[in-house]
Amino acid sequence: MDAPYDRLEALPRTLWLPALITSAGERGQRLEHTAAWLAALQAGELPDAALHLGDAPATAPLREAVGALGLPALCRGVPALAEQVLRTLLWHLDRIVDLQPRLDRTQAIEQVRDEFHAAWEERRHGLDEDLALLQGLGDFANLTWDALQGRLNTRPWQAARRAADWLRQLPELAALIRRLGRAEHAPAEPPAPRADPAPDRRRPLRAVETRLPDAPGEVTGVHFSSRLDRMLPSEAVLLRHPVGARLWRARQAEGRLLAWETEAVLTDWRPDPQARPAAAGADRTPEPLDRGPILLCLDTSGSMRGAPEHIAKAVAIAALRAAHESGRGCRLIAFGGPGEVIERDLARGAAGLDTLLELMGQAFDGGTDLQTPIERAIAAVHDARWRSADLLVVSDGEFGCRAETLDRLDEARERHGLRVQGVLVGDRETMGLLEVCDAIHWVRDWRRYADAAEGGDQRGHSPVHSKSLTALYFPNALSARAARHATS
């Protein structure tokens with residue numbers, strides 16, 4: 001009895017009015033074809049030419065414009081965009097009768113096609129990158145077009161786009177985040193060829209030191225040189241003196257400037273041919289696990305402002321994307337000074353996106369207190385949902401934890417197999433980072449991720465040759481826990 005209006009049930013309410021009032025074709029056929037158009041666009045496909053909305057001569061040029069603009073690919077998985085494309089197409093289709101009789105029908109069809117193409121050509125500028133990032137962050141089937149546009153036009157979303165650009169330059173960090181967790185068996189790697197003919201015997205190793213004179217390393221003395229980067233301050237003072245400057249130029253030309261003498265020491269572990277081989281143990285290394293839930297602790301203190309802040313936000317983007325791709329849980333614990341903790345679950349869809357945008361719009365400021373977020377992460381691991389999670393700490397390392405908290409962290413390692421990965425955004429490992437983390441991933445060229453206004457030059461030069469400066473030059477300063485977890 002409701003025919004043809006019963007066909008409105010297959011359409012969202014946003015398409016009811018344009019599908020009803022458009023003047024092209026017969027109403028029942030138009031409603032049926034509109035539903036088929038919507039299904040095709042949401043699937044990322046160009047609708048069939050037979051779906052002409054009741055007016056084949058007018059719909060065919062608009063359909064060609066939709067395909068030429070690549071709109072079906074953009075609409076895949078984004079129902080709000082598919083509805084908007086279809087609404088604008090029906091609106092332009094309805095304008096054909098308004099352009100007559102000033103224009104004949106052929107001219108009117110050509111004009112609405114050009115107007116449709118021009119409107120979406122301007123609107124899709126940059127939209128493909130936004131939607132590619134958006135589709136990697138969750139399922140937005142219930143998000144309206146106005147709400148979607150509102151999010152894409154905010155400053156936090158622009159910060160998220162910049163963070164995604166930084167992430168493309170950090171493939172190793174993105175791979176590390178994808179492996180976090182202990183819910184699945186890691187893919188088996190082909191066994192490496194063994195040079196030892198006796199597989200059940202292993203030969204002890206010995207340390208072989210190689211000294212590299214004049215390489216960056218320990219200062220061993222003072223010598224004559226012409227290198228300006230090693231020049232003593234007493235020589236540089238001559239440059240400010242009218243007569244001393246001449247003496248300095250003469251010394252520099254003769255290579256007689258006083259300069260620091262340095263030496264680097266490389267330690268290489270090699271098999272000792274004079275040692276007796278030892279029998280290999282019967283115990284085998286347990287099969288590694290990865291790809292589980294993620295507990296993400298982000299340092300949002302003032303020392304992280306600038307390039308470290310960009311890397312921290314890129315890690316948040318990668319964590320949410322990895323969790324969305326494999327259906328894993330991801331909890332964000334952003335910490336600053338005492339009492340400054342934001343704890344949110346990065347869920348699928350609009351809720352997780354809003355939480356992420358809240359972080360993107362946050363200014364990194366204040367002090368550093370890792371005590372509370374570590375305690376909350378330990379409490380989460382005791383929950384069944386997060387029991388197979390790994391903890392990822394992103395910081396410059398300027399923090400410390402009480403001994404009782406570190407003891408509880410060790411207990412969680414032994415009881416639940418918790419692994420703590422660290423992302424160092426700085427020049428050296430600190431005592432706090434070494435005591436908390438089992439392994440540390442060093443973003444050595446972190447300076448290159450600073451904006452020009454923050455002093456970034458895109459070169460990312462690091463003034464140090466190793467992140468383990470404390471372990472190299474002050475090994476006795478390491479606590480027992482830091483020495484146990486430190487990486488060389």
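Every read-out reported here was derived from the displayed coordinates using simple, explicitly stated rules and does not represent laboratory data. If you're wondering where the values come from, they're calculated on a predicted model, not measured in any experiment. Don't worry about glycine lacking a Cβ; one is built from the backbone with ideal geometry, like all the others, and counts go over all protein chains shown.
Annotation: amide H of Trp442 within the under-5 Å range of Leu424, sequence separation 5 or more or interchain, hydrogens built in the peptide plane.
At a Förster distance of 45 Å, what's the computed FRET efficiency of Glu26 paired with Arg168, Cβ-Cβ distance as r, to 0.05? Present the calculation step by step, with values, prior to reporting the outcome.
Details: r = 50 Å, r/R0 = 1.12.
With R0 = 45 Å, the Cβ-Cβ based efficiency is 0.35.
At a 10 Å Cβ-Cβ cut-off, how would you order Glu45, Glu172, fewest neighbours first? It would help to have the intermediate numbers written out before the result.
Numbers: Glu45 14, Glu172 8.
Exposure proxy ranking, most exposed first: Glu172, Glu45.
Neighbour counts of C-beta atoms inside 10 Å place Glu358, Glu309, Glu404 in the sequence Glu404, Glu358, Glu309, starting with the fewest. Put simply, when 5-11, 255-261 are sorted by average Cβ atoms within 10 angstrom per residue, most first, you get 255-261, 5-11.
Calculated FRET efficiency, Ala43 to Leu469, Cβ-Cβ distance, R0 = 45 Å: about 0.25 to the nearest 0.05. Extending 7 Å from the Cα toward the beta-carbon at both Ala253 and Arg408 defines two label points whose distance is 7.0 nm. Peptides 114-123, 416-425, ordered by how many other C-beta atoms sit within 10 Å of their residues on average, highest first, read 416-425, 114-123. Subtracting the Cα-Cα distance of Glu261 and Arg385 from their residue separation scaled by 0.36 nm leaves 39.0 nm.
Rank the residues Thr405, Thr34 as a footprinting-exposure proxy: fewest other Cβ atoms within 10 Å of their Cβ go first. Don't skip to the end; give the middle numbers.
Working: Thr405 18, Thr34 28.
Exposure proxy ranking, most exposed first: Thr405, Thr34.
Derived scalar couplings between HN and Hα for segment 393-400 equal 10, 10, 6, 8, x, 7, 7, x Hz in order, rounded to whole Hz, by the Karplus curve 6.51 cos²θ - 1.76 cosθ + 1.60 (θ = phi - 60°), x for Gly and Pro.
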